[in-house]
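All remarks here apply to the structure that follows.
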Amino acid sequence: QAPPSPPVSTVDEQSSALDVLPTCIAPTHYDIYLRPNIDSGLVPGSVCIEAQVRERTSTIVMHAKDIVVEGVQLFINDEFAGDIADSIEYDAAMETVAFQVPGELVKDNLIRLMIDYRARISDGMYGLYRSKYVDRQGKQASMLVTQFQAKCARMVFPCWDEPVYKAAFTLQLTVPRSHTALSNMPVVRTEDLPGSQLQTVYFQRSPRMSTYLLALVSGELDYVESTAAKSGIVVRVYTAPSDTDKVEFSLETAVRVLDMLGEMFSIPYPLPKLDLVAVPELEAGGMENWGLVLFRTVRLFITKQTSLWIRQKAVYVIAHELSHQWFGNLVTMQWWDDLWLNEGFATWIGIYVTDLLYPEWKRWDHFAIEDRQAALSADSLRSSHPIQVTIKGSADIDQVFDSITYYKGCALIRMLSEHLGIDRFMAGVRQYLITHQFASATTGDLWNALETTTGESVRLLMHSWTKMVGYPVVVVDDCFEDGRLRLRQLRYLHSGQPTDDEDRVVWWVPLAMVSSETGGK
C-alpha cells in the first residue's frame, strides 16, 4: 500500500509565530550513506531526499548543523533541473541550510535532492558520537552511537528535523569489518570493500517516522536472543563482548513486555525486529529509537547480586521505552509542546506494566512517594510551566524534558484512566493509535478519541490540567447531615498564599466518595 501524503500539521498554521521550517516542502524518503572515520572524526556522507512540494516556492530550506555541503543536484518530476551548490546559504543561529531553485517549484511537484556533504563525529553524547568499551582483545575501543532526540539528526545529515515531517529511511553504513552494525531495520546485505578492512552494510527501508527516531550503532558486539511467544518477533539484547551473561533477565523482560503491549494496544508491533543495546555512555537512561532501543548498561545489566531497586528500575525503563514503539513512534506528537503525550504516557505505561508483572513491588506506591512528589514540588513554584507549554523553536525544546512533563503527565494519565475506567480508557487509546498510525497527532486528537469511545467530556475535564500551571488544594468546608459536602479549591504555592491573579484557574477534579456506612464503597 502506498504511503499517505505527508500530513499538514497545526504547526503549519502557527509557523509565523514559531521558529520552524517553512511548510512548503515535505520529505517522503531519505536514502543516506555514511562513512564515519572513528579516528579522524570526519563523516563523509551523501543523502538523496525525495520530497513533495506543498506550496509554490523558489527556496528549499532544511536543517543542517556543523555540516559542510559539497554538492547538490536537483531533479523535478524525475528530470534534472540543475546543480544548485552555488546557491547555498547557511544560517548558524537557525541551524538551517537553504538552496535557491532555478525558476520556481509549484504545488504537487515531486523533487529529488542529491546532496554530498561532510559532517563530524560529536564530542558529546548527541548526534553521532563515540562510546568507549572493551573490545574482544581486552583493549579500550570506541563504538559509534547516535542520539538524535530532540534536534540532533541535523548534525549527521541535512533533513527536515521536526517531528511532524515523517518520512521513510534507507541507510547504508561503511564501518570496520570487525563491527556489528545495527539500525532501525534489519540488514539486507553486507559488502566488503576491496583493499581495506571495511564493509558497507545495507539496511531495509523503514516505515514513515520522525528524524529523531533514526538510529545506528556500530561496534564489536555480542547478543542473546529470544522470540516473543505471541507476536513471533525476534528480540535481541546486544552488549560489548563477554557481557551477554548480564542481560538474560532484561531479555526475558523485553519479550514479556513486548507481547503485553501488543495485546494492550491491539496493534501488532510494527517492525520486523527489536534490538536492545547496552551502551556504556548514554545521555538518558534509555532512548526509544524505533526497533533499536538504547539503554545505559546499568539499566540492562541485572545479575543475582543486583539490588531489588535496580531490578525494578530495569523493568520499568524497558517497559517505558518499549511502549514508545507505539505511543511516540507509531504515532508521534506534531511538535514538542506535546512532548508530554510521549513521555507522560510512557511513564504511566512503564509503571502500569511493571505493576502487572510484579504486583508485590508496589510500584504505584513508589511513584506516589518519589516521582509524583518531585512533580508536585516543581509545580508548586511560581517558575513552573504547564504540561502543554509553548515551544517557539529548537532552543526551547530541552527545557521541557523535566518532572512536569514526565511525572505530572503520568499522574494526570493515571487520574484520567481511573476516572474513565481502564478498559474504556484503553479503548480510546487504541482508537487514537489506529487513527493516527504512521502519522502525527496532538493532545486534542487523544481527547477526541477518548470522547468518541467513552462519551465523556474529556477535553473539558483535562483542559485546566494540561493548559494551566500548578495544581489545587481541595478543602472540605462543611459536612451536612444529608451527606452533602461543601468543597472549595485554591492553587497551592510552596511560598505561601497565591494572589488573586495567580488563583483564577478552576480545575475539574474527579472525586470518589467512600462512606463507612456503605461498607467502604
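The values are calculated or read from the model by the stated rules, or taken from the named source; none is laboratory data. Since the model is a prediction, treat every value here as computed from it, not as a measurement. Cβ sites come from the backbone with ideal geometry, for glycine too, and all protein chains shown count toward neighbours. Heavy atoms of the whole protein, side chains included, go into the accessibility calculation; ligands, DNA and RNA do not. Shrake-Rupley method; radii C 1.70, N 1.55, O 1.52, S 1.80 Å.
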For the chain, calculated [θ]222 nm from helices alone, where every DSSP H run of n ≥ 4 adds -39500 (n - 2.57) | -7000 deg cm²/dmol
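With +1 on the Cβ of every Lys and Arg and -1 on the Cβ of every Asp and Glu, and nothing else charged, how large is the dipole of the chain about its Cα centre, in debye rounded to the nearest 20? Can you show the working numbers first?
Numbers: 46 positive and 65 negative charges, 211 e Å.
Approximately 1020 debye in magnitude.
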Read phi for every residue in the stretch 253-262 and hand back ³J(HN,Hα) as whole Hz from Karplus 6.51 cos²θ - 1.76 cosθ + 1.60, θ = phi - 60°, with x for Gly and Pro.
-> 5, 4, 5, 5, 5, 4, 5, 4, 5, x
Over the Cα atoms of the stretch 90-177, Rg to Rh with Kirkwood Rh, two decimal places?
-> 1.06
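Quick one: work out Rg over Rh on the C-alpha atoms of the stretch 184-246, Rh as Kirkwood radius.
On the way: Rg = 14.8 Å, Rh = 14.5 Å.
Here Rg/Rh amounts to 1.02.
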Would you kindly find the accessible area of residue 277, with a 1.4 Å probe and non-protein molecules such as ligands, DNA and RNA excluded, rounding to the nearest 10 Å²?
-> 0
Rule-of-thumb check for the stretch 318-361: C-alpha Rg over 2.2 N^0.38 Å?
-> 1.23
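Regarding the stretch 34-172, what is the average projected area of its C-alpha convex hull, in nm²? Before the final figure, lay out the partial values.
Values: hull surface 37.5 nm².
Its average projected convex-hull area is 9.4 nm².
Show me the ranking of peptides 428-435, 204-211, 225-232 by mean Cβ neighbours inside 10 Å, starting with the highest. Write down the numbers at each step before the final one.
On the way: 428-435: 18.9, 204-211: 20.4, 225-232: 13.8.
Going by the mean number of other Cβ atoms within 10 Å, highest first, we get 204-211, 428-435, 225-232.
Would you kindly calculate the mean projected area, averaged across all directions, of the convex hull enclosing the Cα atoms of the stretch 160-285, in square nanometres?
Values: hull surface 37.2 nm².
The Cα convex hull of the stretch 160-285, projected and averaged over all directions, gives 9.3 nm².
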Quick one: Cα centre-to-centre distance for the stretch 246-288 and the stretch 444-468, in angstrom?
-> 30
Considering the alpha-carbon set of the stretch 111-224 alone, what are its Rg and its Dmax in angstrom?
-> 14.8, 49
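For the chain, what does the accessible surface come to per residue with a 1.4 Å probe? Please give it in Å². Walk me through the intermediate numbers first.
Numbers: 22590 Å² over 521 residues.
So the chain comes to 43 Å² accessible per residue, rounded to a whole number.
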Assign one of three labels to the stretch 346-464, namely rounded, prolate or oblate, based on the Cα gyration tensor with a ≥ b ≥ c the square roots of its eigenvalues; rounded applies when a/c is under 1.5, prolate when it is not and a/b is larger than b/c, and oblate otherwise.
-> oblate
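With all protein chains present, how much of the accessible area of the chain (probe radius 1.4 Å) comes from carbon and sulfur, to the nearest whole percent?
Working: 11150 of 22590 Å².
Whole-percent figure for carbon plus sulfur exposure: 49.
Compute the FRET efficiency between residue 50 and residue 188 as 1/(1 + (r/R0)^6), taking r as their Cβ-Cβ distance and R0 = 25 Å, and round to the nearest 0.05.
Numbers: r = 19 Å, r/R0 = 0.76.
Working from the Cβ atoms, E equals 0.85.
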Expressed as a rounded percentage, what relative contact order does the chain have, with Cα pairs under 8 Å and six or more residues apart?
-> 11
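Under Stokes-Einstein, with the Kirkwood radius over Cα pairs standing in for Rh, what whole-number D in µm²/s applies to the chain at 20 °C and 1.002 mPa s?
Values: Rh = 24.7 Å.
Translational D for this selection: 87 µm²/s.
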